[in-house]
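The structure under discussion appears below in the form of structure tokens.
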Amino acid sequence: MHFRFLAAAFWIVLAGFFAWDWTHSAPVNVRTEPPLIAAGSGVAPSGGHCASTF
Amino acid sequence: MKRFPLAILIAAFCVFLAWSVALRQALLFLVGIGLGAVLAGARFGFTTGWRRLIEQRDPSGVLAQLVLLAVAAAVSMPLLAAYPTDLGAALGPPSISLLVGAFVFGACMQVADGCGSGTLYKAGLGIPLNMAILPVFAIGSFLGSATLDRWLALGAMPPYGLVTHFGAPVALLLTLAGLALVGFGVVRWSGRSAPLWNRKLLWGAVLLAALAVLNLVIAGQPWGIVYGFGLWAAKIAAAAHLFDPSANPFWSEPVNAATLAQSVFLDVTSITNIGILAGALWIAAGKPAAAAKPMNGTQWAVGLVAGLLLGYSSRLAFGCNIGAMVSGISTGSLHGWIWVPMAFLGSLIGVRVRRHYAF
């Protein structure tokens, strides 16, 4: 029973975090959205990655 | 929750991403769902594959992982050569940090029974330990990123990319030869004591490779997991005024500072992580709830400490089994080839710790 509670708490906290983040982060400017497909777009990748040192 | 209402929720979130964030992010969310569904559906565990090889001399899990690496490399390397400015490899620096991080990660993933992808899909499946580990994994990942500069100061070489140095054909040949060598060693070690191939794992390997390539083509960067975790914890730490990103060498870098300021829904690794959780949840929704093995207090404490160290060490190692091993090796990064033996050495210790605490 307490595992069901843990699962419910997990998803509620996760959803709560994403909702909080959405309201507290800089608004998304949909006019500057990244290309749908990076390959062939001519735009260099700009996101963070686990392997990057920066 | 039943599959149908869950599918509606997932579809609604996908539409929200497409409408309010970016079409690319909606597409990457779908890729993440595919990754989560395949990982959970095929029970494709990197940790379990290594443990079964060590403890039971069963090579099927590791051989499936080698197939995944070979298929992903065979497609990714020519793509990287064809689109050198649009697509980037998972290049981490060979360093003291990498050696220490990969060793600790390999040990802890056995104790915590999940690597980067394993923790995500098992949390999505509702396995209690992995659900509890995910937040501490994120804290560890954040702490690792925040102290990365000090680890790099101990000694590091510039990242080395096989595709850049040799071109795609030679890089692919070298990679396939390396994977074949590892496969030969694994088969010799197993002594044919178990079947070499597992059909479900092989299908899982091919599907995961296809989805990893899709991630690269769409996002421009290879599949990763732990960057997203560190970002989530960094956001909370910064909002709680526990941490000043502008004073930290890693988080004050323009790329990371920008990522920290924007919604996590715009971050590539975060959105595929959310997709993996959703994909695994969808798989779990179609099956009766599995009875979780009860754990005592010591096991919980050891598991959570291992989870924290998993996060910390994955940043030191420039990726987990996904960011460093799958993405590193399949995109020709030397650091992936250093990560694997160090993590395997760690796993040799980890399986003993796991046995000691009777997990």
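Here, each number is a calculation from the coordinates, and none is a lab measurement. All of these numbers come straight from a predicted model, not from anything done at the bench. Virtual Cβ from ideal backbone geometry, glycine too; neighbours counted across all protein chains shown.
With a requirement of 3 or more residues that are surrounded by 14 or more Cβ atoms within 10 Å (Cβ to Cβ), more than 14 Å from chain A (Cβ to nearest Cβ) and at negative phi, the helices (runs of 4 or more DSSP H) lying completely within segment B:193-300 that satisfy it span B:199-219.
May I ask you to verify whether B:S117 is surrounded by 19 or more Cβ atoms within 10 Å (Cβ to Cβ) and in contact with a Lys or Arg (Cβ under 6 Å, 6 or more places away or on another chain)? The answer is no for B:S117.
Mind checking which helices (runs of 4 or more DSSP H) fall wholly inside segment B:2-90 and carry at least 1 residues that are more than 14 Å from chain A (Cβ to nearest Cβ), surrounded by 18 or more Cβ atoms within 10 Å (Cβ to Cβ) and of a type in the set (S, T, N, Q)? Give the steps one after another, and end with the answer.
On the way: elements: B:3-16, B:23-41, B:46-56, B:60-82.
Where helices (runs of 4 or more DSSP H) fall fully within segment B:2-90 and carry at least 1 residues being more than 14 Å from chain A (Cβ to nearest Cβ), surrounded by 18 or more Cβ atoms within 10 Å (Cβ to Cβ) and of a type in the set (S, T, N, Q), they are B:46-56, B:60-82.
Please determine, by comparing only the residues of segment B:139-192 that are among the charged types (D, E, K, R) and over 29 Å from B:I54 (Cβ atoms), which one is surrounded by the fewest Cβ atoms within 10 Å (Cβ to Cβ). Checked segment B:139-192; the qualifying residue surrounded by the fewest Cβ atoms within 10 Å (Cβ to Cβ) is B:R150.
Residues checked against (1) among the charged types (D, E, K, R); (2) within 8 Å of chain B (Cβ to nearest Cβ); (3) closer than 27 Å to B:G220 by Cα:
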site	(1), (2), (3)
A:L6	no, yes, no
A:T23	no, no, no
A:G47	no, yes, yes
A:A51	no, yes, yes
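Would you point out the residue of segment A:31-45, among those that are loosely packed, with under 12 Cβ neighbours inside 10 Å and not small (G, A, S), that is nearest to the other protein chains (Cβ to nearest Cβ)? Here the answer is A:T32.
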